[in-house]
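Bear in mind that the values in this text are calculations on the coordinates, not laboratory data. What you are looking at is a predicted structure, and each value in this text was computed from that prediction instead of being measured. Here the Cβ is made from the backbone with ideal geometry for all residues, glycine too, and neighbour counts use every protein chain on show.
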Number of protein chains: 2
Amino acid sequence: MKRNVLIIGAGGVAHVVAHKCAQHNATLGEIHIASRTLEKAQGIVRSVHAMGNLQTSGVIKAHGLNALDIKATAALIRATNARIVIQAGTSFLNMAVLAACVETGAAYIDTAIHEDPAKTCEAPPWYANYEWKQAQACADAGVTAILGAGFDPGVVNAYAKLAVDELFDEVSSIDIIDTNAGSHGKYFATNFDPEINFREFTGSVWSWQEGRWCESRMFEEQRAWDLPVVGRQTTYLTGHDEIHSLSTHLDVPNIRFWMGFSDHYINVFTVLNSLGLLSEQPVRTAEGQQIVPLKVVKAVLPDPASLARTYKGKTCIGDLVRGVKDGRPHEVLIYNVCDHEQAYREVGSQAISYTAGVPATAAALLIADGTWDNRKMNNIEQLAPRPWLQLLETMGLPSRIRDAHGDRALLSPCGKLLKAA
Amino acid sequence: MKRNVLIIGAGGVAHVVAHKCAQHNATLGEIHIASRTLEKAQGIVRSVHAMGNLQTSGVIKAHGLNALDIKATAALIRATNARIVIQAGTSFLNMAVLAACVETGAAYIDTAIHEDPAKTCEAPPWYANYEWKQAQACADAGVTAILGAGFDPGVVNAYAKLAVDELFDEVSSIDIIDTNAGSHGKYFATNFDPEINFREFTGSVWSWQEGRWCESRMFEEQRAWDLPVVGRQTTYLTGHDEIHSLSTHLDVPNIRFWMGFSDHYINVFTVLNSLGLLSEQPVRTAEGQQIVPLKVVKAVLPDPASLARTYKGKTCIGDLVRGVKDGRPHEVLIYNVCDHEQAYREVGSQAISYTAGVPATAAALLIADGTWDNRKMNNIEQLAPRPWLQLLETMGLPSRIRDAHGDRALLSPCGKLLKAA
């Protein structure tokens with residue numbers, strides 16, 4: 001049994017992870033939250049108390065930490081006796097936090113791929129540029145590392161693995177679809193850190209098609225889908241973390257990621273990007289000040305956490321899987337619908353943060369009870385999907401499936417696949 | 001005879017002023033160009049030599065100067081023995097440069113109203129907030145100051161004065177129309193300093209209607225006009241310098257300014273403005289750096305001077321004047337059409353800078369020969385318009401008139417108004 005959790009970061013996802021860990025602190029033990037800005041971590045602690053989200057009385061404590069400082073992070077892991085570290089801070093921190101876990105033997109969980117602030121869209125598969133280089137170090141140290149344990153990457157990887165293993169004889173394509181039919185009521189905002197959000201779209205788009213990497217440009221390929229609950233949604237082919245592990249671990253020739261964008265989002269993005277305001281290369285003002293334009297854009301945009309209070313509507317994220325079953329063409333959509341207002345009532349966050357933070361907490365529970373504690377590095381599709389998906393049923397993210405037999409819950413209460421509506 | 005000219009600034013307008021002064025240096029004497037960035041002033045000197053624009057061999061020299069430093073500017077005026085100062089730098093400098101002229105007795109010319117970097121769109125009339133407060137000081141010191149001696153403000157004020165005095169018995173409205181049907185081929189750029197350009201549109205729009213100030217918002221009122229050469233142009237009611245002097249000095253109940261904008265310009269402007277990126281209030285990045293967003297936007301946009309080389313097409317700027325003549329309704333359009341490529345061939349600038357810089361130089365010639373050297377402060381409509389307009393005929397900015405009698409040159413070669421085509 002691994003106990004005591006250290007959460008790195010104090011943004012939207014860390015907020016949800018803290019609340020959900022608190023709801024399971026009888027199992028997880030002490031909860032520690034470390035952020036560069038101590039006040040932000042303290043704010044999360046206060047909100048957990050205020051919303052009464054501690055399952056049982058216990059330690060929940062904020063710490064100031066520069067998580068790029070591996071020695072400092074290792075010292076905090078030791079001081080808190082944390083056996084599970086959930087890296088929910090900016091993606092720039094992954095490799096430093098992972099190194100601190102290797103040094104201390106603590107398990108590691110993150111929800112997004114590592115990024116180097118100086119680079120965008122490196123050569124695929126992206127995991128091979130950073131995380132996978134540490135796989136041997138994890139195995140040597142007996143460290144369980146679970147990469148990309150949010151919703152996407154994360155739950156969509158588990159859906160893919162489940163489909164390949166149990167629903168098809170042969171899978172020809174997996175289209176991961178991420179749509180948000182919610183509205184925050186602002187002129188413009190990103191749903192998570194603008195710096196990370198925009199970085200996803202400023203470089204090339206990498207997709208896995210016909211068994212090889214294809215490069216295209218953002219907003220070049222559009223596809224509309226009729227989705228449950230949220231209806232018809234327009235999406236665009238986008239590069240995304242999970243394509244880079246699924247294409248390695250599953251024998252599927254087409255793996256694509258589609259993200260929904262409104263025309264308004266695309267217009268604002270196009271203006272900012274065309275002007276060079278999304279660049280992370282510093283520019284020099286007429287007065288001689290050096291500044292990274294993207295950091296200024298981030299500074300003027302609403303804080304994503306501030307959107308939650310008034311966010312209305314729902315997200316729909318899932319995998320449309322096509323292939324052959326019993327000699328016949330077969331198609332399933334496995335998905336989750338998450339409600340912004342419901343997420344806010346439960347943990348004080350909108351659905352985008354909620355869908356990323358809840359699965360990471362569920363992964364921590366599976367490490368704590370040993371189910372996923374295999375003492376090596378894993379992407380989600382390398383782990384048994386059912387225990388995780390079953391846990392998510394009761395933690396706020398139930399899965400559904402739509403196929404020729406109709407639209408129904410994916411799993412029965414005892415975790416069996418439901419065959420018909 | 002006043003001789004020796006000191007040009008303040010080294011941007012697009014200063015570049016044109018330097019070239020045009022050089023073309024008249026037999027009259028104007030030495031030409032000195034002072035800029036905060038010495039290299040920029042040196043670049044202008046080099047381009048004057050390279051294009052062979054010196055009328056006769058003589059001094060043309062670059063100086064480094066912080067023109068906000070009144071003592072330093074006065075010292076440079078004395079050292080160069082400049083009797084005419086043309087303030088062609090940023091509008092933030094007007095009052096400091098004017099003070100140096102009052103101190104030294106040199107004549108003062110500018111092409112745009114003074115602005116305080118900390119304020120936008122102050123109470124009308126704007127001139128009363130700054131320049132006019134120094135009218136008595138100018139008169140006391142015997143200093144000739146000519147305010148707004150570009151095209152708009154400037155030539156359009158002379159058109160208005162000419163119409164009121166010579167073409168109508170009574171004028172009911174003056175609509176100043178500023179359109180640019182040219183194309184610079186970039187995704188987006190402003191034709192002069194982005195900081196000054198955007199400041200014109202981020203506050204309230206002040207117009208003079210029915211004999212009083214009306215406040216509206218930018219892009220609220222649209223009007224399309226069929227103009228000579230450039231054809232149908234869509235314009236928007238905009239606040240502008242000349243309304244603030246013409247409404248005081250001419251007895252005309254409606255004076256409005258209309259600026260042409262493409263849908264693309266408005267879209268980019270709206271995105272930037274809505275996000276807060278055109279603000280001059282500093283913001284703080286996540287890393288703690290303080291920065292004024294507008295200065296970052298300026299830093300990423302093309303340098304307006306860099307547009308000239310590939311700029312194609314024409315500007316059309318003029319006054320549509322309506323009223324009564326001989327008991328009957330009467331309407332005239334007095335205007336100039338300027339060609340970007342022709343301006344570039346002559347002085348290495350696009351037409352926006354050219355139309356502002358040439359009239360300022362013509363004003364300097366009228367001070368030099370005594371015509372306009374009245375030793376007090378003037379807006380253009382307080383001076384005789386004909387000598388200036390006649391000079392502009394031969395300096396690259398001929399005026400035309402369109403009325404019920406057709407479309408023709410405004411003046412005959414000897415300066416008489418032409419009555420019919």
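Counted over chain A, the DSSP beta bridges are approximately 65% antiparallel.
Rounded to the nearest 0.05, the FRET efficiency derived from the C-beta distance between residue A:37 and residue B:375 at R0 = 56 Å is 0.35.
From the largest down, the stretch A:156-211 spans 47, 26, 14 angstrom on the principal axes of its Cα atoms.
Multiplying the residue separation of residue B:212 and residue B:265 by 0.36 nm and removing their Cα-Cα distance gives an extension gain of 16.1 nm. Per-residue ellipticity at 222 nm from helix content only, as computed over chain A with -39500 (n - 2.57) for each DSSP H run of at least four residues, stands at -10000 deg cm²/dmol.
Could you compute the FRET efficiency for residue B:223 and residue B:135, with r as their C-beta to C-beta distance and R0 at 51 Å, rounded to 0.05? Calculated value: 0.90. D by Stokes-Einstein for chain A, Kirkwood Rh over Cα pairs, 25 °C, 0.890 mPa s: 113 µm²/s. In this Cβ point-charge picture (+1 for Lys and Arg, -1 for Asp and Glu), the stretch A:65-146 has a dipole of about 220 debye about its Cα centre. Summary for residue A:216: label point 7 Å along Cα→Cβ; distances to the equivalent points in the other copies, ascending, 4.5 nm. With each label modelled as a point 7 angstrom along the Cα→C-beta vector, the residue A:289-residue A:325 pair spans 5.9 nm.
All distinct Cα pairs of the stretch B:83-229 go into the 1/r average, and the inverse of that average, the Kirkwood radius, is 17.7 Å. Counting only DSSP beta bridges whose two residues both lie in the protein assembly as shown, roughly 65 percent are antiparallel. With the simple model of a label 7 Å out from the Cα in the direction of the Cβ, residue B:412 to residue B:281 spans 6.0 nm. Shown for residue B:3: label points 7 Å from Cα along the beta-carbon vector, and their distances to the equivalent points in the other copies, 9.7 nm in ascending order.
Restricting the stretch A:190-252 to GluC sites (Glu not before Pro) that sit in a DSSP loop and have at most 13 other Cβ atoms within 10 Å of their own Cβ leaves A:210, A:220.
Distance between the C-alpha centres of the stretch B:28-57 and the stretch B:331-346: 24 Å, rounded to the whole angstrom. For the listed residue pairs A:71/A:376; A:119/A:161; A:314/A:419; A:186/B:312; B:312/B:416, the alpha carbons are over 28 angstrom apart in A:119/A:161; A:186/B:312; B:312/B:416.
Partner shielding of B:277-285 amounts to 3, given as the average count of beta-carbon atoms from other chains within 10 Å of each residue beta-carbon.
How fast does the protein assembly as shown diffuse by Stokes-Einstein, in µm²/s, taking the Kirkwood radius from C-alpha pairs at 37 °C and 0.692 mPa s? The calculation lands on 107 µm²/s.
Across the stretch A:134-148, rounded Karplus estimates of 3J(HN,Hα) from the backbone phi angles (6.51 cos²θ - 1.76 cosθ + 1.60, θ = phi - 60°) give 9, 4, 5, 4, 5, 4, 4, 8, x, 9, 7, 10, 10, 8, x Hz, Gly and Pro being marked x. In terms of Cα atoms, the Rg and Dmax of the stretch B:186-334 work out to 18.4, 70 Å. Computed over the stretch B:1-146, relative contact order equals 23 percent, with contacts defined as Cα pairs under 8 Å that lie 6+ residues apart.
All alpha carbon pair distances within the stretch A:309-356 were sorted into 5 Å bins beginning at 0; the resulting P(r) in whole percents reads 5, 21, 21, 13, 10, 9, 9, 7, 5, 1. As a length-normalised measure over Cα pairs under 8 Å and 6 or more apart, the relative contact order of the stretch A:313-403 settles at 30 percent.
Our note on the geometry: Cα centres of the stretch A:175-214 and the stretch B:69-121, 51 Å apart. Working note: Cα atoms of the stretch B:261-376, range along each principal axis, descending, whole Å: 67, 40, 37. Taking amide H positions as modeled 1.01 Å from N, with prolines and chain starts lacking one, the residues under 5 Å from residue A:325 and 5 or more places away or on another chain are A:169, A:330. A simple spin-label model places pseudo-atoms 7 Å from Cα toward Cβ; at residue A:165 and residue B:186 they are separated by 5.6 nm. Within chain A, the selection of entire DSSP H helices by a Cα span of 20 Å or greater along the long axis and an average Kyte-Doolittle value of at least -0.5 returns A:351-368. From largest to smallest, the equivalent ellipsoid semi-axes obtained for the stretch B:48-111 from the alpha-carbon gyration tensor read 23, 13, 11 Å.
Each other copy places its own label point for residue B:248 at 7.2 nm from this one, sorted shortest first, where the point lies 7 Å along the Cα-to-beta carbon line.
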